[in-house]
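The values are calculated or read from the model by the stated rules, or taken from the named source; none is laboratory data. Just so we're clear, the structure is a prediction, and the values are computed from it rather than from any experiment. As a convention, Cβ positions derive from the backbone with ideal geometry for all residues, glycine included, and neighbour counts pool all protein chains shown. Side chains included, ligands, DNA and RNA excluded: accessible areas come from the protein's heavy atoms. Shrake-Rupley method; radii C 1.70, N 1.55, O 1.52, S 1.80 Å.
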Amino acid sequence: MISRRKIAAAAAGLLLGSLALAGCSGDSGSGDGGEVTGTLNFYTDKAAWKPDFESLNEVSGDAVDITLKTTGYSDANQYDAFIKQSFRTDKSPGLFTWHTGDSLKQLVDEGLVAETTDIWSKAVDEGWVSEDLRDSYTFDGKQYCVPMNIAYWLMFYNKAAFADNGIEVPTTWDELNTAAETLKDAGVTPYYQTSVLFTFQWFQHLVASTDPDLYEGLTTGEVKYTDPEIVDIMNVWLEEQQNGWFSDAGSTTDPAVGLKQGDYAMINFGTFFAGNLEGAGMTSDDYGMFAIPAVSDDLDATPVAVESGPLCTAENSKQRDLGLAYAEWWMSPDAQTAWNDAHGDVAFNPKAKVSDPALAEIGEQIAGDDYMLYDRFFEAMPTEIVTTAIEQFGAFNANPGDPMPFLEKIQATADKYWAEQE
Amino acid sequence: MSKFIRAAVLVILGIVWLLPAYLLVVNAMKDPLTFTSKESWIPTDFHLFENFAQAFELSGLGNSILSTLIYSIVSPTIAVLVGAAAGFAIVALRLKRGFLWFVVIFGGTVFPLQMVLLPLFDAYSRTGLFDTRVGMVIIYTVISIPFSAFVMRNFFTGVAHNVFEAAVLDGATTWRIFVRLYLPMASSALVAIFILQATFVWNDLLLGLTLSQSDDIRPIITTLSGMQSTYGGAQMSVVLAAAVLVSLPTVVLFLCTQRFFAKGLALGQY
Amino acid sequence: MAHQKTPYQWSARGFVAPGVILVAILLYLPLLWTVFLSFTKYNGLGSPDWIGLDNYVEMFTDGDFVGSAMNTVLWVIGTLIIPVGIGLAIALLTWNLGGGIWLRLPFLIPYALSGIGVGVVWSFILSSGGALDQALAAFGVTDPPRWLLDAPLNTIVMIIASSWQGVGVNALLFTIGLQAIPKEPLEAARIDGAGGIRLFTSILWPMLRPLTAVVVGLSIVASLKTFDIVWGMTKGGPGTVSETLALTMYKETFVNSDYGLGSAIAVFLTVITLLASVLYLRQQLSPKKEM
């Protein structure tokens, strides 16, 4: 017979027990006021990179006596909302990853991120970063945040597929098309495509390498998606679709696995993809990369899309100075070399040592005069337009046909957006 | 329908139903370096334990297990009791405007969870509940209450009111009637609610992601989902192995509690 | 004594209070904030700007919104047919069957599996050239439909994928309902010679009503809020053809940072869900004669 007293005692015990356990809440890092050493609370939406950031702590601890306590978020959209909300709380982050373009401008306009102009000036003077990159981080003549990483968007290819069909790495648009035809005739699908998320990369390359000003015009709203030049470009894409040059958009197979097992010979992706390929079991004997040749022969330099993620510090954060100190160290060659060891991919700092020889080579190549950089579609265009565009390109990939309806939908969103900016 | 036919139909249907789970396990066993998507049905290698180990290491699962266990046990328990109490009040005690109060509690489950997150984060950080176990237990309890109240309220409508009246005549207080009579009668429903909600809490991603940040406060799935990313997360078979690993406790829970649903319980319909 | 007709009110209030208070504070207050936001323009930074009904007007005049709403209706209907229907069937088939609990287990296991695994596995299955296509090829079907690319096929297929987990839960709830049915009327009916179908329609179905109300009520709510599985598999695409209202809400709020519009959609969704479920429940749970 369980008496009431025993029930009450059990309940109290349970409550006390859980409160005791609950008493252990997370620790909150140091640097509550102007300190420049200690543990820095770092937030990122690239949760998969957390081990890489943490492995850096040994180096940063020795160099500047700062270590990161990393909290990773796996859902990029939730992360953005969370960070924006956190500016109002005492959790305003000392260091966090963000996105260039429209998103960063929003934060800058509200005065929410700390200025880093001095850090950039020093970095450019020392040759730690290119001036081109600085532009993406500049608003009204001042810089904000520092670059966490850069990735170039290139073509990865399956070396076996090329070798078996006697194809050399193409250096002109015609050579690329010939390669695609050859592959198609041999029964190999030339290009990868999908219908969700990464549907913009072919469009960005076609437009920017036909005429960089055209691409620029899209970012400011001067060029409409329904303009004849854009329609013409879409028709080029449509023809390629009708030639069967693209893989099945309905496949949800992991892209790295797809390249490995020969679902397609080439895939247009960011240089970070090399890590995915290695993880899937491919080595540099199996895959290679090349910058995609420009559509137009008249350009001085081949445009290459670059994606750069910033590391930012919140202006009102309790760890503001700590965050800025880390950011300053981050741009140095030592930090970048250590980061490259931990993480791979190309480095924005030309003086950093890139561990992967293939990436190092292509990084140097693109930093040269034959190539020019432009912002990736995702960051270059305003967010609402990107959302609609990605959906519409995905729909186009799933059911290739007359481009006008797709373009009109994107333009409708663009019209609405630019009207609101008046 | 003869028992044999029924059993046969169930067995066939059951096998079909488990096919996706088979795919999950088979592909979780594959070596990531040789993984292909072309032979999804065929077990090509037995790399399961290595994948488990990699998943465990990559996601730092060890830290979050204790917390997730606390959340999945404490919160549903409280919610089950609170929900049963509400059902008891509305049905047995005949609370005035009972249906209205029922709708008020039920309404809590109608609202999309994503919209609750940000105001909740704001409130939690102001009140110091952010990134605390107490805070997580509270929110998990609250989201489990509407389901619990709903099921218990409906379950109790099947209990004849004479039961209550007879107990009153025997001189029992409402508390005693609730604890000593109604709760035991409803044990199958209570266990069902508990395992369903415990599984829900165990598998939660959104709330854990928004309302906590430290590794030892965060529930398991938040650390796990970080593994699956286009920007270089773990390979597919490792992600699947992690999913299998994380699902083991809930599967075991379901297996062990089945005896509660074996026999019906007399509900005192005199 | 008239005032004794509903005694125990104070006690009842005590029992119901914890539930009401907890839900009110943690779930209703955010709801109120969302309602407020639905009348504003807000991007998460700075302060919300009051714009009155503009968000609602925008919402109702957007062509995609209608499509999204239609998909949501499809989800509600599909979820009522498949997981509820099959769940009931399983419960009936296992009822009073030796070893019934074990025969029911395969349907419960899917619910116990982590969402990440489930999402990945169904992507495997439905991908072009994925497990389902491979299985069909073994049976000689070489040109299967494009499961995830064509509407409304992709919505239907996703409903099936979501039913995979839902059937077990419903079967469990129906089982509890069946077991709660008192023995006497059942025995009496059997002695009278009532067989399968008649037993079902005259005794089982009516007495299952309380739990049926739970299952259907929850299905309505869950299907109207459908998000995870669609976001995971198609993100509402290609284009917006498989988008549901919850997806549109999420997209506007978290992707486009248009909190005002997203909140308006959330409010609309909540109102519809509340109306649908309350109307249904009111009808089901109206005071009946005592048994």
Looking at (1) at positive phi; (2) open to solvent by less than 60 Å² (accessible area, probe 1.4 Å), which one does A:Gly166 not meet, given that it meets all the others? (2)
I'd like the residue in region C:194-228 that is of a type in the set (A, V, I, L, M) and within 12 Å of the chain's Cα centre (by Cα) and, out of all such residues, is most open to solvent (accessible area, probe 1.4 Å). C:Ala222
Consider B:Ile5 carefully, then state whether it is at pLDDT 90 or above and surrounded by fewer than 18 Cβ atoms within 10 Å (Cβ to Cβ). no
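Yes/no per residue for (1) under 21 Å from C:Gln179 (Cα atoms); (2) without any contact (Cβ under 8 Å) to a residue 40 or more places away in the chain; (3) open to solvent by less than 10 Å² (accessible area, probe 1.4 Å); (4) away from chain A (no Cβ under 14 Å):
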| residue | (1), (2), (3), (4) |
| --- | --- |
| B:Phe99 | no, yes, no, yes |
| B:Gln114 | no, no, no, no |
| B:Met136 | no, no, yes, no |
| B:Ser187 | yes, no, no, yes |
Evaluate region A:296-306: report whether one residue or more is touching a Ser or Thr at 6+ places or on another chain (Cβ under 7 Å), open to solvent by less than 10 Å² (accessible area, probe 1.4 Å) and part of a strand (DSSP E or B). yes
Out of region B:138-155, which residues are farther than 19 Å from B:Ala198 by Cβ and open to solvent by 10 Å² or more (accessible area, probe 1.4 Å)? B:Arg153
Taking region B:146-179 and keeping only residues that are within 27 Å of the chain's Cα centre (by Cα), at the interface with another protein chain (Cβ under 8 Å from one of its Cβ atoms) and not polar (S, T, N, Q), one is left with B:Pro146, B:Phe147, B:Ala149, B:Phe150, B:Val151, B:Phe155, B:Gly158, B:Phe178, B:Val179
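Rundown of residues vs (1) at pLDDT 85 or above; (2) in contact with a His (Cβ under 8 Å, 6 or more places away or on another chain); (3) open to solvent by 20 Å² or more (accessible area, probe 1.4 Å); (4) not β-branched (Val, Ile, Thr), yes/no style:
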site	(1), (2), (3), (4)
A:Met1	no, no, yes, yes
A:Lys6	no, no, yes, yes
A:Gly13	no, no, yes, yes
A:Ala22	no, no, no, yes
A:Tyr43	yes, no, no, yes
A:Asp52	yes, yes, yes, yes
A:Lys69	yes, no, yes, yes
A:Ile83	yes, no, no, no
Considering only region B:52-59, I want to know if a residue exists there that is among the hydroxyl-bearing types (Ser, Thr, Tyr), touching a residue at least 12 places away in the same chain (Cβ under 8 Å), open to solvent by less than 60 Å² (accessible area, probe 1.4 Å) and more than 30 Å from B:Tyr182 (Cα to Cα). yes
Please specify each residue of region C:219-253 satisfying the condition of being of a type in the set (Ser, Thr, Tyr) and within 20 Å of C:Trp122 (Cβ to Cβ). C:Ser219, C:Ser223, C:Thr226, C:Thr234, C:Ser242, C:Thr244, C:Tyr250
Checking A:Asn57 against (1) under 29 Å from B:Ala55 (Cβ atoms); (2) surrounded by fewer than 21 Cβ atoms within 10 Å (Cβ to Cβ); (3) within 12 Å of another protein chain (Cβ to nearest Cβ), only one condition comes out false. Which one? (3)
Condition first: of a type outside the set (Val, Ile, Thr) and closer than 20 Å to B:Thr223 by Cβ. Can you find one or more residues in region A:99-115 that meet it? no
State whether the residues of region C:271-280 include one that is within 14 Å of chain A (Cβ to nearest Cβ) and open to solvent by less than 20 Å² (accessible area, probe 1.4 Å). no
Kindly provide the set of residues from region A:241-285 that are of a type in the set (Phe, Trp, Tyr) and part of a loop (DSSP other than H, G, I, E, B), ordered by number. A:Trp245, A:Tyr264, A:Phe272
For the list (1) surrounded by 15 or more Cβ atoms within 10 Å (Cβ to Cβ); (2) closer than 13 Å to A:Val295 by Cα, I need the number of the one condition that A:Leu183 fails. (2)
B:Ala160 meets each of (1) within 18 Å of C:Val23 (Cβ to Cβ); (2) open to solvent by less than 10 Å² (accessible area, probe 1.4 Å) with one exception, condition (1)
Of C:Leu172, C:Leu186, the only residue that is within 16 Å of B:Leu196 (Cα to Cα), surrounded by 16 or more Cβ atoms within 10 Å (Cβ to Cβ) and out of contact with any Pro (no Cβ under 6 Å at 6 or more places or on another chain) is C:Leu172
The lone exception for B:Ile73 - which of (1) open to solvent by 10 Å² or more (accessible area, probe 1.4 Å); (2) closer than 30 Å to B:Thr222 by Cβ; (3) free of Cβ contacts under 8 Å to residues at least 60 places away in the same chain; (4) part of a helix (DSSP H, G or I) it fails: (3)
Since B:Asp122 meets every condition but one in (1) in contact with a Lys or Arg (Cβ under 8 Å, 6 or more places away or on another chain); (2) buried (at least 19 other Cβ atoms within 10 Å of the Cβ); (3) in a helix (DSSP H, G or I), which condition does it not meet? (2)
Taking the criterion of being over 30 Å from B:Arg259 (Cβ atoms) and open to solvent by less than 10 Å² (accessible area, probe 1.4 Å), would at least one residue in region B:192-207 satisfy it? yes
Is it the case, given these coordinates, that C:Val84 is surrounded by 19 or more Cβ atoms within 10 Å (Cβ to Cβ), more than 30 Å from A:Ile410 (Cβ to Cβ), modelled with pLDDT under 90 and more than 7 Å from chain B (Cβ to nearest Cβ)? no
Note on region C:237-261: residues without any contact (Cβ under 8 Å) to a residue 40 or more places away in the chain and not polar (S, T, N, Q) are C:Gly237, C:Gly239, C:Met249, C:Tyr250, C:Lys251, C:Glu252, C:Phe254, C:Val255
Being within 20 Å of the chain's Cα centre (by Cα) and within 12 Å of another protein chain (Cβ to nearest Cβ): is that true of C:Ala112 here? yes
A:Leu133 being closer than 28 Å to A:Gly221 by Cα, modelled with pLDDT under 90, in a helix (DSSP H, G or I) and open to solvent by less than 50 Å² (accessible area, probe 1.4 Å): yes
Given the criteria open to solvent by less than 30 Å² (accessible area, probe 1.4 Å) and over 23 Å from A:Pro255 (Cα atoms), does A:Met155 qualify? no
Run down B:Leu13, B:Leu24, B:Leu18 and say which single residue is at pLDDT 90 or above, away from chain A (no Cβ under 14 Å), in contact with a Gly (Cβ under 8 Å, 6 or more places away or on another chain) and part of a helix (DSSP H, G or I). B:Leu24
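Quick grid of which residues meet (1) under 30 Å from C:Asp150 (Cα atoms); (2) at pLDDT below 90; (3) outside any helix (DSSP H, G or I):
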| position | (1), (2), (3) |
| --- | --- |
| A:Ser317 | no, no, yes |
| A:Gly323 | no, no, no |
| A:Lys353 | no, yes, yes |
| A:Ile362 | no, no, no |
| A:Tyr374 | no, no, yes |
| A:Gln392 | yes, no, no |
The number of residues in region B:31-43 that are within 30 Å of A:Asp52 (Cβ to Cβ) and either at pLDDT 90 or above or polar (S, T, N, Q) (or both) is 3
